[in-house]
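Quick notes on the structure that follows.
The values are calculated or read from the model by the stated rules, or taken from the named source; none is laboratory data. Note that this is a predicted model, so its numbers are computed, not measured. For neighbour counting, all protein chains shown are included, and Cβ atoms are generated from backbone atoms with ideal geometry for every residue, glycine included. Remember, those area values only see protein heavy atoms, side chains included, never the ligands or the DNA or RNA. Shrake-Rupley method; radii C 1.70, N 1.55, O 1.52, S 1.80 Å.
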Amino acid sequence: MPNRTSIDTLVSRLKLRHLRIVVALSELGSIARVAERFHVSSAAISKTLAEIEEIASAELFERGRRGMHPTEWGQEVIRCATFV
């Protein structure tokens, strides 16, 4: 389980657009749907998610045939992002 200090530090390093994408991914479960919502390409969302996960040094979403689901780290980031 990620500790509170680690999550707070991570969230403070992310930009608002990063947080919006993480929240949208949790709501929509698909890079394509998030790209559509933000009027950008799927490649742009994939690249941004890669940046976010690099900053986090952890996967924030599990990718599967039925969409994307937040990992434990992802859930904590989403929880913090909804208060920003």
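State all residues of the stretch 64-83 that are touching a helix residue (DSSP H, G or I) at 6+ places or on another chain (Cβ under 9 Å) and basic (Lys, Arg); if no residue qualifies, say none.
Arg79
Does Arg17 meet the test of being open to solvent by 100 Å² or more (accessible area, probe 1.4 Å), among the charged types (D, E, K, R) and either touching a Lys or Arg at 6+ places or on another chain (Cβ under 9 Å) or modelled with pLDDT under 90 (or both)? So that I can check it myself, show each step before the final result.
Numbers: open to solvent by 100 Å² or more (accessible area, probe 1.4 Å): yes; among the charged types (D, E, K, R): yes; either touching a Lys or Arg at 6+ places or on another chain (Cβ under 9 Å) or modelled with pLDDT under 90 (or both): yes.
Here the answer is yes, as Arg17 does meet what is asked.
Give Val40, Val77, Val34 a once-over and let me know the one that is in a helix (DSSP H, G or I) and at pLDDT 90 or above.
Values: Val40 fails: in a helix (DSSP H, G or I); Val77 fails: at pLDDT 90 or above.
Checking each option against the conditions leaves just Val34.
Which of the residues spanning the stretch 32-54 are of a type in the set (Val, Ile, Thr), buried (at least 17 other Cβ atoms within 10 Å of the Cβ) and more than 18 Å from Trp73 (Cβ to Cβ)?
Initially, the stretch 32-54 is screened for residues of a type in the set (Val, Ile, Thr), giving 34, 40, 45, 48, 52.
Filter once more, so that each one left must be buried (at least 17 other Cβ atoms within 10 Å of the Cβ): 34, 45, 48, 52.
Within the stretch 32-54, Val34, Ile45 meet the criteria.
Quickly run through the stretch 12-31 and pick out the residues that are assigned to a helix (DSSP H, G or I) and in contact with a His (Cβ under 9 Å, 6 or more places away or on another chain). Full working, then the answer.
Of the stretch 12-31, the ones assigned to a helix (DSSP H, G or I) are 12-13, 16-28, 31.
Correct list: Ser26 only.
For the stretch 57-84, what are the residues that are of a type in the set (Gly, Ala, Ser), under 16 Å from Ala32 (Cβ atoms) and open to solvent by less than 30 Å² (accessible area, probe 1.4 Å)?
Initially, the stretch 57-84 is screened for residues of a type in the set (Gly, Ala, Ser), giving 57-58, 64, 67, 74, 81.
Still in the list and also under 16 Å from Ala32 (Cβ atoms): 64, 67.
Correct list: Gly67 only.
Six or more apart or on different chains, Cβ under 6 Å: which pairs go from a residue in the stretch 27-45 that's touching a residue at least 40 places away in the same chain (Cβ under 8 Å) and farther than 19 Å from Thr82 by Cα to one that's part of a loop (DSSP other than H, G, I, E, B) and open to solvent by 70 Å² or more (accessible area, probe 1.4 Å)? Could you list them?
Taking only residues 6 or more apart or on different chains, not a single pair turns up.
Mind telling me which of the residues Leu28, Leu60 ends up being closer than 14 Å to Ile78 by Cβ, more than 11 Å from the chain's Cα centre (by Cα) and at pLDDT 90 or above?
On the way: Leu60 fails: more than 11 Å from the chain's Cα centre (by Cα).
Testing whether each residue is closer than 14 Å to Ile78 by Cβ, more than 11 Å from the chain's Cα centre (by Cα) and at pLDDT 90 or above leaves just Leu28.
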